[in-house]
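Contents: one structure, followed by commentary.
The values are calculated or read from the model by the stated rules, or taken from the named source; none is laboratory data. None of the values given here were measured: they were computed from a predicted structure. Methodologically, a virtual Cβ is constructed for each residue, glycine included, from the backbone with ideal geometry; neighbour enumeration extends over all protein chains shown.
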Amino acid sequence: MRRLMTFWVVVFLFVSLAGCATSSVDTRRAASEKVAQDAGWERLDLDAGMFVLAAFVPPSLKQADILTVYIEGDGLAWVDAHTPSFDPTPRDPLALKLAIRDPGRHAVYLARPCQYVRSANRRNCRNQYWTSRRFAPEVIAAENQAIEALRRKYRARKLVLVGYSGGGAVAALVSARRDDVVRLITVAGNLDTAVWVAKQHLSPLAGSLNPADAWRKLRRIPQLHFVGGRDKVMGPAFAKAYQARFPPGQKPDVVVIPNFNHHCCWVKDWPELLRD
């Protein structure tokens, strides 16, 4: 009898936790989608081979000679230091907010694998793809395929890729694969993952690519990397470690904004930062 009671208690707790997790995911999805809806942007679901990737685009955009693609950060990768998230949809879709504030008005937004997606579109959504293998070759291939679909949709000749946090790593690694990227911009970007995990005392990103290792292919691309001086997650040291991989005369620009951190105050000042 006691064992039976214990069994049902465990079942109850499991169902309760699963229900809470589902509710949290739905809340995050709804909040992020509302950001897009309030701006008048609409959602696209892009078949990117191994994954279905969510995008948000302005309906008024029909064609762009140079298309700017904003790539989201890692989102909610971990619930705590030991527990991977069930779903990586971000609590605060900062890259989406930056895209909406882009002064050029030729910008679109691209999520990372398994962010925002539901039901049958949750293809290959194993937590390794937002933890250790977040920058795996198959992830970068899928993001590249989705970016190519967006380029074709808007008949763009050239691309500007903008990545926030882990999206900065994706933007850099995709840029290294293409010959049509005319500028790479990151905000608090994870640009040298080996240095990042070492300095932050994190587990190595086994199976992931490191953007810093692609410096030879990236040195031909004009780059601008914004970092917050108060960023405890992805501070100036990581961007400067990436910068140091490049030879003299080809080092990318790193701009440190003294009073900014990992989240504040990029969205508010974004148009001015780009104009400057």
Among the residues of the range 32-46, count how many are among the acidic types (Asp, Glu) and farther than 19 Å from Asp87 by Cα. 2
Where residues in the range 100-133 are surrounded by fewer than 22 Cβ atoms within 10 Å (Cβ to Cβ) and charged (D, E, K, R), which of them is nearest to the chain's Cα centre (by Cα)? Arg133
Test Glu72 against the stated conditions and say whether it is at pLDDT 55 or above, surrounded by 14 or more Cβ atoms within 10 Å (Cβ to Cβ), touching a strand residue (DSSP E or B) at 6+ places or on another chain (Cβ under 7 Å) and acidic (Asp, Glu). yes
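Condition test on Ser208, is it touching a helix residue (DSSP H, G or I) at 6+ places or on another chain (Cβ under 9 Å), over 18 Å from Tyr70 (Cβ atoms) and at pLDDT below 95? Walk me through it before giving the result.
Values: touching a helix residue (DSSP H, G or I) at 6+ places or on another chain (Cβ under 9 Å): yes; over 18 Å from Tyr70 (Cβ atoms): yes; at pLDDT below 95: no.
In short, no.
For the range 161-184, what are the residues that are surrounded by fewer than 24 Cβ atoms within 10 Å (Cβ to Cβ) and among the aliphatic types (A, V, I, L, M)? Show your work before the answer.
Restricting attention to the range 161-184, the residues satisfying the condition of being surrounded by fewer than 24 Cβ atoms within 10 Å (Cβ to Cβ) are 176-183.
Once the filter is applied, which keeps residues that are surrounded by fewer than 24 Cβ atoms within 10 Å (Cβ to Cβ) and among the aliphatic types (A, V, I, L, M), the range 161-184 yields Ala176, Val181, Val182.
Taking the options Thr83, Thr89, name whichever one is crowded, with 19+ Cβ neighbours inside 10 Å and either within 15 Å of the chain's Cα centre (by Cα) or at pLDDT below 95 (or both). Outline the logic, then answer.
Details: Thr83 fails: crowded, with 19+ Cβ neighbours inside 10 Å.
Just one listed residue meets the conditions, Thr89.
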Give just the number: which of (1) in a loop (DSSP other than H, G, I, E, B); (2) hydrophobic (A, V, I, L, M, F, W, C); (3) in contact with a strand residue (DSSP E or B) (Cβ under 8 Å, 6 or more places away or on another chain) does Leu98 not satisfy? (1)
Mind counting the residues in the range 12-61 that are modelled with pLDDT under 90 and either over 20 Å from Gly73 (Cβ atoms) or part of a strand (DSSP E or B) (or both)? 13
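Name every residue in the range 70-95 that is assigned to a loop (DSSP other than H, G, I, E, B), under 20 Å from Val267 (Cβ atoms) and either small (Gly, Ala, Ser) or without any contact (Cβ under 8 Å) to a residue 40 or more places away in the chain (or both), in order of residue number. Break it down stepwise before answering.
Of the range 70-95, the ones assigned to a loop (DSSP other than H, G, I, E, B) are 72-77, 81-82, 85-93.
Applying the additional criterion that residues be under 20 Å from Val267 (Cβ atoms) yields 72-76, 89-93.
The answer is Gly73, Gly75.
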Tell me which residues, restricted to the range 249-266, are over 17 Å from the mean Cα position of the chain (by Cα), assigned to a loop (DSSP other than H, G, I, E, B) and within 28 Å of Arg178 (Cβ to Cβ). Gly249, Gln250, Lys251, Pro252
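Based on this model, can you work out whether Ala120 counts as over 23 Å from Asp179 (Cα atoms), out of contact with any Lys or Arg (no Cβ under 9 Å at 6 or more places or on another chain), of a type in the set (A, V, I, L, M, F, W, C) and outside any loop (DSSP other than H, G, I, E, B)? Give the steps one after another, and end with the answer.
Details: over 23 Å from Asp179 (Cα atoms): yes; out of contact with any Lys or Arg (no Cβ under 9 Å at 6 or more places or on another chain): yes; of a type in the set (A, V, I, L, M, F, W, C): yes; outside any loop (DSSP other than H, G, I, E, B): yes.
Answer is yes for this residue.
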Taking the residues in the range 23-42 that are touching a residue at least 40 places away in the same chain (Cβ under 8 Å) and touching a strand residue (DSSP E or B) at 6+ places or on another chain (Cβ under 8 Å) as candidates, determine which candidate is surrounded by the fewest Cβ atoms within 10 Å (Cβ to Cβ). Glu33
Yes or no: Leu67 surrounded by 20 or more Cβ atoms within 10 Å (Cβ to Cβ), of a type in the set (A, V, I, L, M) and not in a strand (DSSP E or B)? no
